[in-house]
Amino acid sequence: MPETHNSQLTTQSSMLVEVRGLKKFFPVYSGFFGQRVEGWVRAVDEVSFAICRGETLGLVGESGCGKTTTGRCVLQLDRPTAGEVWFNGQELARMTDAELRPLRRKMQVVFQDPYSSLNPRMTIGQIISEPILVHRISQNGGECRDRVDELLQVVGLNPLMAGRYPHEMSGGQRQRVGVARALALEPEFIVCDEPISALDVSIQAQIINLLEELQERFGLTYLFIAHDLSVVRHISDRIVVMYLGKVVEIADRQELYENPLHPYTKALLSAVPIPDPAVEAKRERIVLKGEIPSSLSPPRGCVFYRRCPIAVEECGQGIPELREVQPRHWAACIRI
């Protein structure tokens, strides 16, 4: 990882996850039998960041910017095209599936959609107990059932719900089941992939509060992926802003919201509604021009160049380096 990122961390021993120069390209096929590679979708392109133990790192950006792919590559659900992913001092990208298996216990995920992430043919008890049985955590069936009951109570559900099927539960209850399943193997690190975007607003607050309580209780570390900046501000310690597969800004939560540096971050924050009508009416809105470029053929130079309100000709000639513009505040823009 570049030296700029190492200084984000107090000590090397406090680091749990480190991503260095991560790339994930997907081939686009053409031809009669679809065997010719016509191009590559640059879903994630040179992404680097680090996460300390017990920290929540927010990852934000528009739909299609590469947030979910980044999370999947960190967990090795998608294998990176290039780059390194370090977890607890071990490099994951070069490991075989057999070598990764014991580490998967320590890395879990809460998926975005509680409707499609749970097997409709399995009961809630079977869904939660499956990872316990696969990794042979419990010695017998009775111990496994006790563990399932305990996990349901931990996430605020009645243990009697173990006999229900997913379609018999509400969206919020299903997402609690997803959280319980993630906790089943006692992980250190959880990727929360937009875990509340499919839920009602009142239920969103409950799930966020649950995640915060669990983090404090079990010492968890989160990568929290979302596009709702108000939610990310509430739960995150630091925030990474992505645009078209690249990181454009990294800063502490309060610093990012009070002093955004990158023009894309400023545009994102200007779209977040403010509860005070008087303040909302007076503040300046930043409306970006043009469409989001295709990740199949990203623009030359800065990926935000074509939509940036402060762009100059030089912006289209070279890729800006992510540099520490202010203490603990990194941005990828030559104009700041």
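The values are calculated or read from the model by the stated rules, or taken from the named source; none is laboratory data. The shown structure was predicted, so the numbers you read here are calculated from the model rather than taken from an experiment. Please note: Cβ atoms are built from the backbone with ideal geometry, for glycine as well, and neighbour counts cover all protein chains shown.
Exactly one residue out of Arg42, Arg105, Arg36, Arg94 is closer than 30 Å to Val177 by Cβ and either out of contact with any helix residue (DSSP H, G or I) (no Cβ under 6 Å at 6 or more places or on another chain) or surrounded by 15 or more Cβ atoms within 10 Å (Cβ to Cβ) (or both): that is Arg105. Kindly establish whether Glu284 is among the acidic types (Asp, Glu) and under 24 Å from the mean Cα position of the chain (by Cα). For Glu284, the condition - among the acidic types (Asp, Glu) and under 24 Å from the mean Cα position of the chain (by Cα) - is not met.
Restricted to region 170-204, and to residues there that are within 18 Å of the chain's Cα centre (by Cα) and small (Gly, Ala, Ser), the residue that is surrounded by the most Cβ atoms within 10 Å (Cβ to Cβ) is Gly178. The set of residues in region 293-330 being over 20 Å from Val41 (Cα atoms), of a type in the set (Val, Ile, Thr) and under 25 Å from the mean Cα position of the chain (by Cα) consists of Val325 alone. Remark: pairs (first residue in region 300-312, within 12 Å of Tyr243 (Cα to Cα); second residue crowded, with 20+ Cβ neighbours inside 10 Å and of a type in the set (S, T, N, Q); Cβ separation under 7 Å; 6+ apart in sequence or on different chains) are absent.
Residues that are part of a helix (DSSP H, G or I) and in contact (Cβ under 8 Å) with a residue 40 or more places away in the chain: does region 107-125 have at least one? Yes - at least one qualifying residue is present in region 107-125. Filtering region 108-135 to residues that are among the hydroxyl-bearing types (Ser, Thr, Tyr) and buried (at least 16 other Cβ atoms within 10 Å of the Cβ) leaves Ser117, Thr123, Ser129.
Pairs are defined by a Cβ separation below 6 Å, a sequence spacing of at least 6 or placement on different chains, a first member in region 148-174 that is more than 17 Å from Pro114 (Cα to Cα), and a second member that is among the polar types (S, T, N, Q) and surrounded by 16 or more Cβ atoms within 10 Å (Cβ to Cβ); the pairs so defined are Val148/Ser129; Gly163/Thr123. Looking at region 186-212, which of its residues are touching a residue at least 40 places away in the same chain (Cβ under 8 Å) and of a type in the set (Gly, Ala, Ser)? Correct list: Ser197, Ala198. The set of residues from region 219-261 being hydroxyl-bearing (Ser, Thr, Tyr), touching a helix residue (DSSP H, G or I) at 6+ places or on another chain (Cβ under 9 Å) and more than 14 Å from Ser63 (Cα to Cα) comprises Thr221, Tyr222, Ser236, Tyr257. Residues that are among the small types (Gly, Ala, Ser) and outside any helix (DSSP H, G or I) within region 136-154 comprise just one, Ser138. The sole residue among Pro277, Pro263, Pro293 that is of a type outside the set (A, V, I, L, M, F, W, C) and crowded, with 18+ Cβ neighbours inside 10 Å is Pro263. Is at least one residue of region 146-154 of a type in the set (S, T, N, Q), over 25 Å from Asp78 (Cβ atoms) and either outside the structural domain of Gly66 (by TED's automatic domain parsing) or surrounded by fewer than 17 Cβ atoms within 10 Å (Cβ to Cβ) (or both)? Yes: region 146-154 contains one or more residues that are of a type in the set (S, T, N, Q), over 25 Å from Asp78 (Cβ atoms) and either outside the structural domain of Gly66 (by TED's automatic domain parsing) or surrounded by fewer than 17 Cβ atoms within 10 Å (Cβ to Cβ) (or both).
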